[in-house]
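The values are calculated or read from the model by the stated rules, or taken from the named source; none is laboratory data. Quick caveat: nothing in here was measured; it's all calculated off a predicted structure. Counting neighbours? That spans all protein chains shown, and the Cβs are built from the backbone with ideal geometry, glycine included. For accessibility, only protein heavy atoms count, side chains too; no ligands or nucleic acids. Shrake-Rupley method; radii C 1.70, N 1.55, O 1.52, S 1.80 Å.
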Amino acid sequence: MTFTTRFAPSPTGPLHLGHAYSALLASDMAKRQNGQFLLRIEDIDQSRARASWEEQIYEDLTWLGLTWPTPVLRQSDRLPRYRAALERLNARGLTYPCRCNRSDIELAAGAPQEGVPQFGPDGRIYPGTCRQRSMAEAGPDDVIRLNMAAALEQLHQLSFFETSQDLGGYILLKRDHLIQAVGDIILVRRNLGSSYHLSVVVDDADQGITDVVRGADLFESTQIHVVLQALLDLPVPRYHHHRLIRDPQGKRLAKRDDARAIAKYRAEGASPQDIRALVGLG
């Protein structure tokens, strides 16, 4: 199988140095393996996606010297594919509709038990208020959740292989941790038709991604993706969670941090090699 990486930005703001590092690293890894580098546009949230930001993604990455096959996969074109994956989970009795909003979840969570985390990779850990509802009750304002405990009853030992130097090796997933520290994650968000977690595992499988290269901030989310891959009979790629590019105060960069946007460096006369040097790939 051809070594295949990808870079999958959302067109919701300017790419910054952290994006440059991730894209360049993924492309470099693919080149070293005589593989391929793919670009994917994660525009599932059409309320925030903008055509102008998508165009700037292409401009910034081309300026950095990256190339990729076309046409580019765009999530907004793939809602039927995500729906089909959801229906497979529905058929196994692993999903339920949830009408709770953030305030409801905060109130239901109450005082946390000592030693039990309040937040996981999908945000506030859901207390299970709607877990007994059936999919027949699902309404247009509901989100759809995965019943994590029920899902794990149908699975054997899960693991993934991490290739980064700091975290490298086989990572075994623990059932109790998934239930207590991850919980019933959202598979379909209100008015979106899918969620990041469901979309990304379907897309990676359909594109033949062998090596997922992304920031260390997504390391905890990988356990969710491995669960979904097992439930949907999808291959588990290797994962490489790289260091984050941070500002002088140690905070990781965000799209609102326009001062470190790639386009700003371009406008000020920086070269692609300057960007490589700034992110430690010079």
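Once both labels are positioned 7 Å from their Cα atoms along Cα-to-Cβ, the gap between L172 and A51 label points is 5.3 nm.
Across the chain, the longest piece that holds none of the GluC sites (Glu not before Pro) lying in DSSP loops with up to 11 other C-beta atoms within 10 Å covers 115-267.
Note on R243/S76: beta-carbon distance plugged into 1/(1 + (r/R0)^6) with R0 of 35 Å gives a FRET efficiency of 0.70.
At an R0 of 45 angstrom, the distance between the Cβ atoms of K264 and E137 translates into a FRET efficiency of 0.35. Counting only protein heavy atoms and a 1.4 Å probe, tell me what percentage of the stretch 52-111's accessible area is made up of carbon and sulfur. That share works out to 51 percent. Fully extending the segment from D28 to Q157 would add 43.2 nm, taking 0.36 nm per residue of separation and subtracting the current Cα-Cα distance.
Candidates P97, T62, A136 compared by Cα position along the dipole of the stretch 37-177: farthest toward the positive end lies A136, with charges placed on Cβ. As a fraction of the 1.4 Å probe accessible area of the stretch 123-282, surface on carbon and sulfur atoms comes out at 49 percent.
Lys and Arg at +1, Asp and Glu at -1: add these up for the other residues within a Cβ distance under 9 Å of E42 and post the number.
Summing Lys and Arg as +1 and Asp and Glu as -1 gives -1.
Charge dipole of the stretch 53-206 (Cα centre as origin; +1 on each Lys and Arg Cβ, -1 on each Asp and Glu Cβ, all else neutral): 640 debye, rounded to the nearest 20. Close amide H partners of T4, meaning residues 5 or more places away or on another chain with modelled amide H under 5 Å apart, are Q36, T210, D211. What is the antiparallel percent of DSSP beta bridges lying wholly in the chain, to the nearest 5? Once the DSSP bridges in the chain are tallied, antiparallel ones form about 55 percent.
Over the chain, accessible surface divided per residue gives 49 Å², non-protein components excluded, 1.4 Å probe.
Charges only on Cβ, +1 for Lys and Arg, -1 for Asp and Glu: so what's the dipole of the chain about the Cα centre, in debye to the nearest 20?
I would put it at about 60 debye.
Take the alpha-carbon centre of the stretch 82-111, take the same for the stretch 198-216, and report the distance between them in whole Å. So the two Cα centres are separated by 23 Å. Considering the chain at the alpha-carbon level, its Rg and Dmax are found to be 19.5, 59 Å.
When only the Cβ of Lys, Arg, Asp and Glu is charged (+1, +1, -1, -1), the dipole of the stretch 18-82 relative to its Cα centre reaches about 260 debye.
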